[in-house]
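Participant: Encoded as structure tokens, here's the structure I'll be asking about.
The values are calculated or read from the model by the stated rules, or taken from the named source; none is laboratory data. Quick caveat, the model's predicted, so the values are computed rather than measured. Neighbour counts run over all protein chains shown; Cβ positions are idealised from the backbone, glycine included. What goes into the accessible areas is simple: the full protein's heavy atoms, side chains included, and nothing from ligands, DNA or RNA. Shrake-Rupley method; radii C 1.70, N 1.55, O 1.52, S 1.80 Å.
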Amino acid sequence: MTTYLMLLSPSANRVYRQATAVLSAAELAVTASFASDIVPARIGSADALRFTADEVDELVLAAQSAHLVSFEQRGELLAPLDVPSLAVFDDDLVTIPKYQGKTNEGFTRLLLHLTLSQVDRPGPLEVLDPLAGRGTTLLAAWQAGHHGFGVESDDKAFDALAGYLKTYLRTKRIKHSAQVSPVRREGRALGRRLDAQARLAEATHDQPARPGLPTLNMTVFTGDTRDSAALFGRKRFDAIVTDAPYGVVHGSSTKSEGREPAQRSSRRRDRSPAHLLAEAIPIWRGQLKPGGAIGIAWNTHTLPRAELVGMLADAGLQPQDAGPWLGFAHRVDAGINRDLVVATRAAEAERGLTWSP
Ligand SMILES: C[S@@+](CC[C@H](N)C(=O)[O-])C[C@H]1O[C@@H](n2cnc3c(N)ncnc32)[C@H](O)[C@@H]1O
């Protein structure tokens, strides 16, 4: 057995920095079957993880959400490992936007990685955030080389994401298209959609072609998440990754039965996301491909873990609810204790009963 040290990238956020080592240890335990005896450690004044392994898989280390650099310990010496970077965009794609209610970017990468670790399919994958806000999940998905899709009820958040993405792609001189257009059904305006595409491999006038890099798509609708299936139609996703309303900054809204999507503006504000999640999870489940996975972050002060796990199981999903999967709860502030849960949709295609004479 060899001892390894993984240096963790420092978070700008003090609270999240304190939680990073513990969360990263649980992330490594869930996603790296080769690693054992995982414990938080220090290298000088920097946070790290120490673990033992017979052999490491560098690609698995590269996918860790807070991975900075890894070393093999040889006596008193640390020999750096050759861990590739999996990012297809610079970090600043995700870190530039700053606003109240933004999900911490390190935590978003963690939730995305844990969810995608349960999807046994080669990328680029199609990731839906049905409570997209200003798009931290979608930007993190792009950075990791996956497509991003979203639904968001707050027009201002949608506008901020659309504006930011256009500016970013233009400023970075990335070949792209990005437009916002109205969504109509039977002549009535239902909302808007953002469609963006980044063609990362294509040359620009000051940058040579970068073959091997993907072309990534992003589509975001304004609207209610419970209309997500109607908005995306028959489209299915490899993963759903979302940070539910905390019942503090955002609140959630409760469905007014029998109304058309565009008429639901008078929904009651609700301090718990429980009603919203109970209604939305069966809809989201229908949008997952067989073999897909869903990852949800939420505030346990507003909804006990067992209740959310029950909602996922009732919807026919298999929640991960044992061992290191129980190691992700952490305090954000006095009103928020954040946790996450990942559930999978069985890989076998569901077939109707067939009868042959
Ligand atoms: C915790 S925030 C997500 C923040 C996002 N991850 C980000 O970093 O920008 C939850 C989001 O859900 C949205 N939301 C709440 N209820 C909704 C609903 N019924 N349909 C669609 N979006 C909703 C809120 O407007 C808010 O942007």
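Participant: How do the pairs read when you match residues in the stretch 185-197 that are closer than 15 Å to residue 227 by Cβ with residues anywhere that are of a type in the set (Lys, Arg), using Cβ under 7 Å and keeping only pairs 6 or more apart or on different chains?
Facilitator: 190/184
Participant: Yes or no: the stretch 52-67 includes at least one residue that is out of contact with any Cys (no Cβ under 7 Å at 6 or more places or on another chain), among the aliphatic types (A, V, I, L, M) and assigned by TED's automatic domain parsing to the domain that holds residue 273.
Facilitator: No, the stretch 52-67 contains no residue that is out of contact with any Cys (no Cβ under 7 Å at 6 or more places or on another chain), among the aliphatic types (A, V, I, L, M) and assigned by TED's automatic domain parsing to the domain that holds residue 273.
Participant: In addition: Among what's in the stretch 201-245 and is assigned to a strand (DSSP E or B) and open to solvent by 50 Å² or more (accessible area, probe 1.4 Å), pick the residue that is nearest to the ligand (Cβ to nearest atom).
Facilitator: Here the residue is 217.
Participant: Residues of the stretch 70-85 being closer than 30 Å to residue 197 by Cβ and surrounded by 14 or more Cβ atoms within 10 Å (Cβ to Cβ), which ones?
Facilitator: Hit for the stretch 70-85 is 83, nothing else.
Participant: Note down all Cβ pairs under 6 Å where the first residue falls in the stretch 153-175 and is in contact (Cβ under 8 Å) with a residue 12 or more places away in the chain and among the small types (Gly, Ala, Ser), the second is outside any loop (DSSP other than H, G, I, E, B) and away from the ligand (no atom under 12 Å from the Cβ), and they're at least six residues apart or on different chains.
Facilitator: If the second residue must be outside any loop (DSSP other than H, G, I, E, B) and away from the ligand (no atom under 12 Å from the Cβ), the pairs left are 162/180; 162/194.
Participant: Considering only residues that are at pLDDT 95 or above and more than 27 Å from the chain's Cα centre (by Cα), look in the stretch 42-56 and name the one that is least open to solvent (accessible area, probe 1.4 Å).
Facilitator: Kept after step one, since they are at pLDDT 95 or above, are these residues of the stretch 42-56: 48-56.
Now drop any that are not more than 27 Å from the chain's Cα centre (by Cα), which leaves 52-55.
Working: 52: 23, 53: 0, 54: 117, 55: 137 Å².
Going through the qualifying residues, I end up with 53.
Participant: State yes or no: is residue 312 within 13 Å of the ligand (Cβ to nearest atom) and either open to solvent by less than 10 Å² (accessible area, probe 1.4 Å) or modelled with pLDDT of 95 or more (or both)? Walk me through it before giving the result.
Facilitator: Values: within 13 Å of the ligand (Cβ to nearest atom): no; either open to solvent by less than 10 Å² (accessible area, probe 1.4 Å) or modelled with pLDDT of 95 or more (or both): yes.
So residue 312 does not fit the description; no.
Participant: With the checklist (1) within 16 Å of the ligand (Cβ to nearest atom); (2) over 30 Å from residue 175 (Cβ atoms); (3) of a type outside the set (Lys, Arg) in hand, flag the one item residue 65 doesn't pass.
Facilitator: Residue 65 satisfies all of (1) within 16 Å of the ligand (Cβ to nearest atom); (2) over 30 Å from residue 175 (Cβ atoms); (3) of a type outside the set (Lys, Arg) except (2).
Participant: Something else now. Which helices (runs of 4 or more DSSP H) does the stretch 83-183 wholly contain that include 2 or more residues that are more than 26 Å from residue 299 (Cβ to Cβ)?
Facilitator: Of the helices (runs of 4 or more DSSP H) lying wholly inside the stretch 83-183, those with at least 2 residues that are more than 26 Å from residue 299 (Cβ to Cβ) span 92-95, 155-171.
Participant: Okay, moving on. Among the residues of the stretch 51-68, which ones are not small (Gly, Ala, Ser) and not in a loop (DSSP other than H, G, I, E, B)?
Facilitator: If the condition is that a residue be not small (Gly, Ala, Ser) and not in a loop (DSSP other than H, G, I, E, B), then 51, 52, 58, 59, 60, 61, 67, 68 are the ones that fit.
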